[in-house]
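Take a look at the structure below.
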Amino acid sequence: MKKQFAVIGLGRFGGSIVKELNDLGMEVLAIDINEDKVNEFAPAATHAVMADTTDENALRSLGIRNFDHVIVAIGDNIQSSILTTLMLVEVGVPHITVKAQNDYHEKVLNKIGAHKVVHPERDMGIRIAHNLVSKNVLDYLELSDEYSIVELIAGDRVHNHSLMDLDLRAKYGCNIMAIKRGEDINVSPAADENLKKQDILIVIGADRDITRMEQDLF
Ligand code: ATP
Ligand code: ATP
Ligand code: CA
């Protein structure tokens, strides 16, 4: 059976989730308090309805607890976002993803039982900053405050050196999880694997160590 999604709040973030889920062939209920938004997204959603999701009766009458995954993308009205999330938790929606507006909002959402809290502006800002600082950083994924996964492009300094030569684990405490070379991807590179310029290395490690490694070798 197809997974049933509901997206509450059809701003830029919620709206793009609706469109993408729809393109992926999923069933999506799009909800907004604003009628214009509902009309705008009606063609992209399986159903689109106008509702104030802070109204418990309105939320119930949508049968919200029957959805597998509900995304709360109410942006600026933090109070509405929190209240909506709380009611979704109370009725027992199995997966609740909420967009946080700031760190305090994020903290509260985690506390009241949101399953996943996303912070797209902040996270994208972090990724872009890493990209700006080093043009060899293709992508960046924060695992925790201290640890990350980054994609680095190999340059001259590592060309034709093996992982053993470079001694990345001992010198930098970083692990190369995978090497992408054109269409090929090696997910368990051996120590004697020779790196080539333009390889894409997927590295996991502490931020401090990754930065040190980037500066020395990339
Ligand atoms: P983005 O940054 O993703 O564009 P935004 O910051 O513009 O989002 P808002 O416009 O504050 O976010 O909110 C997103 C949507 O949530 C709006 O279309 C708004 O009408 C809707 N919304 C706000 N409160 C409620 C509510 N109580 N019930 C349903 N929808 C709501
Ligand atoms: P967010 O959702 O995080 O608020 P946003 O996509 O809605 O971001 P804006 O709110 O338009 O974007 O702008 C982000 C920041 O840029 C804000 O801190 C705002 O004060 C600032 N800003 C917006 N327009 C200008 C401007 N013309 N000059 C200087 N700063 C600006
Ligand atoms: Ca915004």
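Bear in mind that the values in this text are calculations on the coordinates, not laboratory data. Worth saying up front: this structure is predicted, and the values here are computed from it rather than measured. Here the Cβ positions follow ideal geometry from the backbone for every residue, glycine too, while neighbour counts run over all protein chains shown.
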statement: Taking Cα atoms only, helix 12-23 is inclined relative to the longest principal axis of the chain by an angle, in degrees rounded to 10, of 90
The chain: most fluctuating residue of Ala42, Ala30, Ala191 per GNM, C-alpha cutoff 10 Å: Ala191
message: I'd like the orientation of helix 78-91 relative to the chain: the angle between its Cα long axis and the longest Cα principal axis, in ° from 0 to 90, rounded to 10.
response: 80
- prompt: Which value does Rg/Rh take for the stretch 123-217 over its C-alpha atoms, Rh per Kirkwood?
  reply: 0.94
query: To the nearest 0.05, how large is the calculated FRET efficiency for Ala190 and Glu20 if R₀ is 45 Å and r is the Cβ-Cβ distance?
result: 0.75
- line: the stretch 113-167: relative contact order from alpha carbon pairs under 8 Å, six or more residues apart, as a whole percent, is 20
message: Relative to 2.2 N^0.38 Å, what does the C-alpha radius of gyration of the chain come to as a ratio? Two decimals please.
response: 1.28
- prompt: So if R0 is 30 Å, what FRET efficiency would Arg65 and Met124 give, r being the distance between their Cβ atoms, rounded to the nearest 0.05?
  reply: 0.40
message: Could you check the spin-label model distance between His159 and Val89? Points 7 Å from the Cα along Cα→Cβ, value in nm.
response: 5.4
query: When you take every Cα atom in the stretch 4-118, what is the radius of gyration, and what is Dmax, the widest Cα pair distance, in Å?
result: 12.6, 36
task: Pull out the extension gain between Asp139 and Arg169, defined as 0.36 nm times the separation in residues minus the alpha carbon to alpha carbon distance; nm, one decimal.
output: 8.7 nm
- prompt: For the chain, what is the calculated [θ] at 222 nm in deg cm²/dmol (nearest 500), taking -39500 (n - 2.57) for each run of four or more DSSP H residues and dividing by its residue count?
  reply: -11000 deg cm²/dmol
- prompt: What longest range of the chain stays clear of loop-exposed GluC sites (Glu not before Pro) (DSSP non-H/G/I/E/B, at most 11 other C-beta within 10 angstrom)?
  reply: 1-145
- request: Lys and Arg at +1, Asp and Glu at -1: add these up for the other residues within a Cβ distance under 12 Å of Glu142 and post the number.
  value: -3
- prompt: Quick one: which of Lys2/Lys180; Lys37/Lys111; Lys171/Lys196 span more than 26 angstrom between C-alpha atoms?
  reply: Lys2/Lys180; Lys37/Lys111
- prompt: Roughly speaking, what is the stretch gain from Lys116 to Asn34, that is 0.36 nm per residue apart minus the C-alpha to C-alpha distance, in nm to one decimal?
  reply: 27.0 nm
query: Can you put His115, His130, His159 in order, fewest other beta carbons within 10 Å first?
result: His159, His115, His130
